[in-house]
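Heads up: the structure comes next, in C-alpha cells.
The values are calculated or read from the model by the stated rules, or taken from the named source; none is laboratory data. Treat the numbers as computed from the prediction; the structure is a model and nothing was measured. Cβ coordinates were reconstructed from backbone atoms using ideal geometry, including for glycine residues, and neighbour counts include every protein chain displayed.
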Amino acid sequence: MIARHLRFAATAIAAAVFSTQAAATPLSTRQILHEFNAVVLTDLNSQSHVDGRTWVGGTATGGDYAQHANDTPASKYAGLTVMGNANRVQVNALGAVIGGNLSGATINAGSGVIHGNVHNSNLNGAAWVGGSLTGSNTNGGRLPSLDGTMQANADAAHSTDFAATLGALSASLGQMSGTGSTVTFNGYGKATFNAVANASGVAVFNLIDAGVFKASEFEFNLGDATTVILNASDESATIGANFLGGSAQTLGSKLIWNFRNATSITTNALFGGAILAPSARLTNNQNIEGGVFVKSLEQHGELHLQAFDGKLNPVPEPASGALLLAGLLMLALTRRRAP
C-alpha cells in the first residue's frame, strides 16, 4: 500500500512538472536578467517610465512601460505583465497581460489580455477581456478567445517562479568567493573599485565595508573583467555616489549589485548596474542604468534598458527540486521491487 502511494505521488509530481514545462518553460536566471528591465515581486508604484519589459507580482500603479521596444530583447512575455490589478498604467509597445482588473490605462500597441474587468481604459490593439468592459475603447477589437500571441504571453506570465529563482540567484552569488578585487578610498569621498577577474572574466567584490555606500563618487578599474558581481551584506543602503566618467551608462550591463540581506534601498543619484534585492523595497529618486529585481518598487526615476549580457554560473531552477523528489521516489520504488 505504501509503495502504491509513493508510486502515485511520484507520478503526480512528475506529471505536474512536465505538464508545466510543456506549457511554458520557466526562464533561467540569466534569461530573467537579460529579458527584463524590471521584475517586482509584490507592488510597484511609479511616477516615471521603464524602457524595457516589466513583470509585477502584485499591483501596478502608474508608470509608462516598454518605451524602447526595438531595443528590448525578444521574449514570450508581454511588455507589461501584472499578476494583480493595474491602475493608470500606459503600455507603449509589446502588449500587456493583467491578472486582475485594469482601470484608467492605455495599451498603445500590442495585444491586451485582461482577466478581470476593464474600466475607463483605451485598448488600441486586439484585446481579450475576461470580465466586464465599461467606459473603455477596444480600438483593435475585442476577441472572443486568445490568439496565438495572447496565448503565448498569458502562458508565460505565470511560468516562472520569480521569487524562488531570484532568491536562489542572490544566495548563490552571495556565496561566491572574492577574486581579489578591492575597493580603495582616497579620503575625499571617492571609492575606487579595482577588479580582478577569474579565468571566465568574472570579478567578485565582497563589500564588507559599510563605508562603500557613504562615498560620494564611484570610480571603476575593471581591467579585463566582463562581468562584475558586487555582494553587499547591508540590511539597508542609501546610495548617492556619482558614477565617474559616464560609468553608469557604459558599465550598466556588466554590473550586478547583489543585496542579499537588504530590506530597504534608496538611490539618490544616477545609478549603474542591475540591482538584485529580492527582499528589499527599492526607492529610486534618480534614473537607473540597468535592471531592477526587487521585492517592491517606489519609482521616481527612469529605468533605462541595459540588458545583462555577462556570465553567470547556472543556478538550479525551482522545478528541479520536484523533479529530484520524483526521481528519488521512483528510485526507491525500483529498489523496493528488486529481488
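Can A86 be described as closer than 16 Å to A60 by Cβ and in contact (Cβ under 8 Å) with a residue 60 or more places away in the chain? No.
For region 146-187, enumerate the residues that are in a helix (DSSP H, G or I) and among the aromatic types (F, W, Y). Hit for region 146-187 is F162, nothing else. Restricted to region 152-193, and to residues there that are of a type in the set (S, T, N, Q) and within 21 Å of the chain's Cα centre (by Cα), the residue that is surrounded by the fewest Cβ atoms within 10 Å (Cβ to Cβ) is Q175. Filtered by the rule that a residue be part of a loop (DSSP other than H, G, I, E, B) and either in contact (Cβ under 8 Å) with a residue 60 or more places away in the chain or closer than 14 Å to A60 by Cβ (or both), region 89-114 gives V89, G99, G100, N101, G104, A105. Restricting region 316-326 to residues that are at pLDDT 50 or above and surrounded by fewer than 19 Cβ atoms within 10 Å (Cβ to Cβ), the residue that is farthest from L169 (Cα to Cα) is P318. Just so you know, in region 152-166 the residues that are in contact with a Lys or Arg (Cβ under 9 Å, 6 or more places away or on another chain) and of a type outside the set (A, V, I, L, M) include one that is farthest from V315 (Cα to Cα), and it is N153. Note on region 191-233: enclosed strands (runs of 3 or more DSSP E) holding 1 or more residues that are charged (D, E, K, R) are 217-221.
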